[in-house]
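Structure first, then comments.
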Amino acid sequence: MRPIAIVGAALLVAACGSAGPNGTAAPARSGAASPGGPSGGGSAASTPPASSASASSAPAFDPAGLTVGFDDVVIGLDLPLAVVNAHDGSGRLFIAEQGGQIRIVRDGALVARPFLDISDRITSGGERGLLGLAFHPKFPTDPRFFVDYTDVNGDTRVSSFAVDPSQPDRADPASEQRLLFVKQPFANHNGGAVVFGPDGYLYVSLGDGGSGGDPMGNGQSLKTLLGKILRIDIDHPSGDRGYGIPTDNPYADGSGGRQPEIWLTGLRNPWRISFDRSTRDLWIGDVGQGDWEEIDVQRADVPGGTNFGWNRMEGNHCYRPSNGCEDPALILPVTEYGHDQGCTVIGGNVYRGSSQPALAGGYLFADYCSGNVWAIDPSTNDFRKPTLVAETSHNFAAFGEDEAGELYAVDIGGGTLLRVTAKR
């Protein structure tokens, strides 16, 4: 399906745009083609690279016959980009809006006063803005939460803020502690997800820096944080950093100019990532270039250093060079879909809640442009085609869980928080 107009003509995905829809932060499907560069298609690798791990021990999930629906919970949000919970027993959901506000949803109703407003510190529009949100694993004992945003100069910052225990619905804008700064060469592919892993470390997803085709080769370079997923220790800062480096990070010693924060490499724009709360596997929705959208997985028993292939591969297909890209060190996605079905993958979650048994154990994800939603069995590493489980008019920007593991999504075009339902 081709990109579609949403909310009149104001929000539009350019057919080959190097940025997302005007006024939204959905990741682009492609940038401008490099002069003389590859088309983005190419051939599939004739010798598939190795899978990232042995299959998960979780029970198999069969998506056949599944139908997924979405019920409105809250309307009237302003370009919502992320939905998370604070795992504090309050039942609250927190919505990050692109322009710089974080909103609270309590008992299905939007709290009037923003939880945090840092709109004066943010460049908003295109793929920029307040992009990610995560609460400390020990919240509220540790009152910090963490955000990823585009600053007024167009660069990426990861910062912490703190909540006043006497005002649990209000964060202090003056409490900002800046942890990480990444210079952005272009206005797109900023990445933007921040999530805590089951190991207590903070994982940060960063795109390749933008334009089209990764002209600076960032995805395959270990000397830059761009095109990577980072893993940092925010509880034990060291040196002049606001964080520590886990000793088992693959390049923790920083030798040869390699960046010690790097956990995973070879990513184009890993817009949304999530951990399976049961298996501890890391799921990645990596936005494609001109032809393919992909879902990657890093199994919990696999150490860091996995290379997912960009910009040598786009999905399971050679990108640069257009053929002969075989390399057993590159890890291919577990599923993909072409741009006849959408243009921007929105990574989702493995469902571990209880109210939707038809979805139990399935990995759900969607496309921003087409509104299509798919499910796959996450328990095997064998490549499989995704099963279409919903065709919608939503412009999905993210999925998220509540404390019980129930799934939600945000529609950036409609300004809506949605609850996921499933039946067979």
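Assorted remarks:
- Some residue of the stretch 252-260 being touching a helix residue (DSSP H, G or I) at 6+ places or on another chain (Cβ under 8 Å), among the hydroxyl-bearing types (Ser, Thr, Tyr) and either more than 20 Å from Leu131 (Cα to Cα) or assigned to a loop (DSSP other than H, G, I, E, B) (or both): no
- Within the stretch 229-247, residues that are at negative phi and at pLDDT below 95 sit with their Cβ atoms under 8 Å from residues that are assigned to a loop (DSSP other than H, G, I, E, B) and not aromatic (Phe, Trp, Tyr), at 6+ positions apart or across chains, in these pairs: Ser238/Ile245; Gly242/Ile234.
- Residue match in the stretch 53-65 (condition: of a type in the set (A, V, I, L, M) and out of contact with any strand residue (DSSP E or B) (no Cβ under 9 Å at 6 or more places or on another chain)): yes
- Test: Ser393 is surrounded by 18 or more Cβ atoms within 10 Å (Cβ to Cβ), closer than 29 Å to Asn316 by Cα and either touching a helix residue (DSSP H, G or I) at 6+ places or on another chain (Cβ under 7 Å) or of a type in the set (S, T, N, Q) (or both): no
- Hits in the stretch 273-309 (condition: in a loop (DSSP other than H, G, I, E, B), touching a strand residue (DSSP E or B) at 6+ places or on another chain (Cβ under 7 Å) and either crowded, with 22+ Cβ neighbours inside 10 Å or modelled with pLDDT under 95 (or both)): Asp276, Asp281, Val287, Gly288, Gln289, Thr306, Phe308, Gly309
- The listed residue being crowded, with 24+ Cβ neighbours inside 10 Å and at pLDDT 95 or above, out of Gly362, Gly405, Gly353: Gly362
- Residue match in the stretch 94-112 (condition: part of a strand (DSSP E or B), surrounded by fewer than 14 Cβ atoms within 10 Å (Cβ to Cβ) and not polar (S, T, N, Q)): yes
- Val163 meets all of the listed conditions (1) within 23 Å of Pro246 (Cβ to Cβ); (2) of a type outside the set (Ser, Thr, Tyr); (3) surrounded by 15 or more Cβ atoms within 10 Å (Cβ to Cβ) but one, namely (1).
- Listed by first and then second residue, the pairs with beta-carbon distance under 7 Å, at least 6 apart or on different chains, first residue in the stretch 408-424 and on the phi < 0 side of the Ramachandran plot and crowded, with 18+ Cβ neighbours inside 10 Å, second part of a strand (DSSP E or B) and modelled with pLDDT under 95, are Gly413/Ile6; Gly413/Leu11.
- Close pairs (8 angstrom Cβ cut-off, 6 or more residues apart or separate chains): more than 14 Å from Gln220 (Cα to Cα) in the stretch 318-330, β-branched (Val, Ile, Thr) anywhere: Glu326/Thr47; Pro328/Thr47
- Residue that is modelled with the lowest pLDDT [pool: residues in the stretch 365-390 that are surrounded by 18 or more Cβ atoms within 10 Å (Cβ to Cβ), in a loop (DSSP other than H, G, I, E, B) and touching a strand residue (DSSP E or B) at 6+ places or on another chain (Cβ under 9 Å)]: Asn381
- Candidates Gly309, Gly324, Gly347, filtered to the one that is within 18 Å of the chain's Cα centre (by Cα) and on the phi > 0 side of the Ramachandran plot: Gly309
- For the stretch 143-165, the set of residues classified as assigned to a loop (DSSP other than H, G, I, E, B), touching a residue at least 24 places away in the same chain (Cβ under 8 Å) and of a type in the set (Asp, Glu) consists of Asp155 only.
- Some residue of the stretch 238-252 being of a type in the set (D, E, K, R) and buried (at least 17 other Cβ atoms within 10 Å of the Cβ): no
The values are calculated or read from the model by the stated rules, or taken from the named source; none is laboratory data. Nothing here was measured: the structure is a model prediction, and the numbers come from that model. Please note: Cβ atoms are built from the backbone with ideal geometry, for glycine as well, and neighbour counts cover all protein chains shown.
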